[in-house]
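Participant: Sharing a structure below in structure tokens format, with a few things to ask.
The values are calculated or read from the model by the stated rules, or taken from the named source; none is laboratory data. This structure is a prediction, so every number in the text was calculated from the model and none was measured. Because the Cβ atoms are built from the backbone with ideal geometry, glycine has one as well, and the counts that use them run over all protein chains shown. Just the protein is used for accessible areas: all its heavy atoms, side chains included, with ligands, DNA and RNA removed. Shrake-Rupley method; radii C 1.70, N 1.55, O 1.52, S 1.80 Å.
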Amino acid sequence: MASAPNVSPSPVRARAEFAQIARDTESRLLRAARRMAQGDEDRAADLAQNALVRGYEAFLQGRFMPGSNAYAWLLRIMTNDYINSYRHSKKWDAGVDVDTLTRGGETAPPSAHAAPEDRPDTALLSGIMDEELERALASLSEPLRMCVMLVDVEGLDYAEAAAALNIPIGTVRSRLSRARMMLHERLVDYARSRRRL
């Protein structure tokens, strides 16, 4: 008995199907992108948009399995893009900030710096999660922070997070364990002050 040929949907139907996937996942992707970009709204928007564009291309090529978790699939695309750009920036980062470059090697006096509460990234993050929690999360190394973000913040299971990060499930569990212990140490006093411990 011959199997039925794999019939791909018409371009119009494929666009409509992906448009629905995009509508269903866009806000969650943007929220995840904001956490990856640590409040850099432009970077977050770029990450989410790139994930949708690459996802659409992959969808048209038949690389999405209908009935599977579209959000996890797009989040993996976005995570891979973020990791690649992070590695690239680390490779090419000169380690010099704008203040140093603009003043001939001198840094501006602290009085010239914006107050932390006036910085756009701080204002954005404070509206999303308690500042102490954001600081503790931001203090983690990138591999640990990504595991916490995907599993504890975005709610992916270990297998989905492992697939998104392209690492074994055991590595996800190990990183989560270390990250949670570090977060506990950094947040125990904060939790007591909020009477949550």
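Participant: Rounded to the nearest Å, what's the spacing between the alpha carbon centres of the range 57-77 and the range 14-41? Just the number, please.
Facilitator: The range 57-77 and the range 14-41 have Cα centres spaced 13 Å from each other.
Participant: What FRET efficiency comes out for Q61 versus R180 if R0 is 45 angstrom and r is the Cβ-Cβ distance? Round to the nearest 0.05.
Facilitator: On the way: r = 38 Å, r/R0 = 0.85.
For R0 = 45 Å, the calculated efficiency reads 0.75.
Participant: Moving on to the next point. Tell me the label-point distance for the pair R43, R28, using the 7 Å Cα-to-Cβ offset, in nm and rounded to one decimal.
Facilitator: About 2.4 nm separates the two model spin labels.
Participant: Ordering Y56, Y71 from largest to smallest accessible area (1.4 angstrom probe), what's the sequence? Provide the component values of the computation, followed by the final result.
Facilitator: Numbers: Y56 65, Y71 5 Å².
From most accessible down to least: Y56, Y71.
Participant: What ranking, highest mean first, results for peptides 145-152, 166-173, 12-19 when packing means the other Cβ atoms within 10 Å averaged over each residue? Can you show the working numbers first?
Facilitator: Working: 145-152: 22.4, 166-173: 14.5, 12-19: 13.0.
Averaged packing, sorted descending, gives the order 145-152, 166-173, 12-19.
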